[in-house]
Amino acid sequence: MTVEVSPEQTQMFESPVKGEEPVKLEETAAEEKKAEVSDGKDPSSDHSPTVVERSPSFKEESNFLSDLKESERRALFELQSKLEEAIAEGNLLKKDSKEELDQEARDFNNEDFSIWGVPLLPSKGGKSTDVVLLKFLRAREFKVKDAFEMLKNTLRWRKETKVDSILHEEDLRDEFGKAGFINGLDREGHPVCYNVLGVFQDAEMSRIVFGSDEGRKKFLRSRVQLMEQGIKELDMRPGGVSSLLHITDLKDVIGLSKKEVRDTIKQAVHLLQDNYPEFVARNVIINAPFWYYALNAILSPFLTQRTKSKFVVVRPAKVTETLLKYISPEAIPTQYGGLKRENDNEFSMEEGRVLELTVKAASSGTIEIPALETGTTLLWDFLVLGWEVNYTAEFVPSDEGSYTIIVQKGKRIASQEEPIRNSFRNNEPGKVILTIENSTLKKKRVFYRYKVICA
């Protein structure tokens, strides 16, 4: 049986590192105080378990009619009217009034239109229809004519490229699955979509993907498939989560020396911006190399201001710290500094709430895990932002006449790609004490979880 120890049972305190006087430069102290205030913490408070703050700007706009401005409601009603009329007259897919539709297109017009599983005919649709229409309106700053053209172009593109059947194309998933996947939810409930472009660093694979028209087309189609996969996880009702969090990893990505790579990236940006309006709540670019800024200069003229505002660019040293603003530690994969291991059979998302301990400069912090019964297994998992700490673990029996057991000798951790996980089985009541020594001049944030497994 698994017994979870409540967070209140964890005791934490700080003491100076042995043999050193606490040292803090004035600038460092000011920076730390500023950081604590910006995190919503009282600098004078004890270091009790805290929850990572959400990003204050990371919030979807409301899709409830009552929350819209009067001008926005009028624009929505006007778009509904245009859409209803075009469907009734059978010319929604026409590029202009003179175009003659083929039989397939006429049959398509006679069906009940839908997109992403949502009916588009306002008189037959519901509140989810309004959510979809608002996405097109917001992408075009509530200019009804422009939003209507965008919607028609998207419908034509989806029909021409057979997007509605793309999720059944297993060969795309087999070939490009490692380059893009959905993994968990962020703090606001957005599905997290990872784009790992470093898988194309191999010269031969890069040549296959970007060196031919067929390869580039398959790559672009795989990006569309990934978007469609993520959208299936969304809730298109007002108040529901109707957008994704995108994490784009540029580690080991080839540069911009090849024109075909630049052109393919630009095509992908156009494709997603033109046909998936307001489906990305935030796009976090991590492990951004120096050449990314050159790429950004190339792409910037093709992006709307609204799209640009959703980008967050992160250098390698700040990846985990930035992701924690959006995603909880237990939901961040270990390769990005989080606690989420693939196929983890020891900790589930529901087991062991993750807590945070702040260890000040030139001091140490401890975490105590009680073992009240004999024959239990104590399991713990932790990570330190920036690492550069010393770590020890020991079991201290409740009986003062018993010996303390060293679980982990003092170990210097300069850097660590994955969190540290360890366990201990006790033969008498007591507690495991984890000690994190920070001899640097900057505070350290420790994220940890544990559980006690009874025999």
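Can you work out the base-10 log of I(q)/I(0) for region 142-298 at q = 0.14, 0.18 1/Å, using the Debye formula on its C-alpha atoms alone?
Each listed q corresponds, in turn, to -0.77, -1.26.
Please list, ordered by chain and number, the residues whose modelled amide H lies under 5 Å from the amide H of residue 118; skip anything fewer than 5 residues away on the same chain.
Under 5 Å from the amide H of residue 118: no residue qualifies.
Spin-label point model (7 Å from Cα, Cβ direction): what's the residue 303 to residue 205 distance in nm?
2.5 nm
Accessible area of region 384-455 with a 1.4 Å probe: how many percent of it is carbon plus sulfur?
46 percent
When a/c is below 1.5 the answer is rounded, else prolate if a/b is larger than b/c, else oblate, so apply that to region 359-454 with a ≥ b ≥ c taken from the square roots of the Cα gyration tensor eigenvalues. The partial results should precede the final answer.
On the way: a/c = 2.47, a/b = 1.81, b/c = 1.36.
Cα axes put region 359-454 in the prolate bin.
What percent antiparallel are the DSSP beta bridges of region 141-285, to the nearest 5? Please list the in-between numbers first.
Values: 4 of 14 bridges.
Among the beta bridges of region 141-285, antiparallel pairing accounts for roughly 30 percent.
Considering only Cα-Cα distances, which of the following residue pairs are longer than 32 Å: 310/451; 310/411; 82/218; 143/266; 409/443; 258/444?
Beyond 32 Å: 310/451; 310/411; 82/218; 258/444.
Subtract the Cα-Cα distance of residue 77 and residue 266 from 0.36 nm times their separation in residues, and report this length gain in nm to one decimal.
64.6 nm
Label-point separation (nm) for residue 254 and residue 88, each offset 7 Å from Cα along Cα-to-Cβ?
It is 5.4 nm.
When the accessible area of region 204-294 is computed with all protein chains present and a 1.4 Å probe, what percentage of it is carbon and sulfur?
52 percent
For residue 149 paired with residue 182, estimate the spin-label separation in nm (one decimal), with each label point 7 Å from Cα along the Cα-to-Cβ line.
A separation of 3.3 nm, rounded to one decimal place.
How much accessible area per residue does region 393-455 have, counting only protein heavy atoms and a probe of 1.4 Å, in square angstrom?
Here the per-residue accessible area is 54 Å².
Over all directions, average the projected area of the Cα convex hull of region 293-350 and note it in nm².
Here the figure is 5.6 nm², rounded to one decimal.
Wrap a convex hull around the Cα atoms of region 119-203, take a quarter of its surface area, and give that in square nanometres.
8.7 nm²
Given a 1.4 angstrom probe, I'd like the percentage of the accessible area of region 122-169 that is carbon and sulfur, rounded to a whole number.
48 percent
The values are calculated or read from the model by the stated rules, or taken from the named source; none is laboratory data. What you are looking at is a predicted structure, and each value in this text was computed from that prediction instead of being measured. For neighbour counting, all protein chains shown are included, and Cβ atoms are generated from backbone atoms with ideal geometry for every residue, glycine included. These area figures cover heavy atoms from the full protein model, side chains too; ligands, DNA and RNA do not enter into them. Shrake-Rupley method; radii C 1.70, N 1.55, O 1.52, S 1.80 Å.
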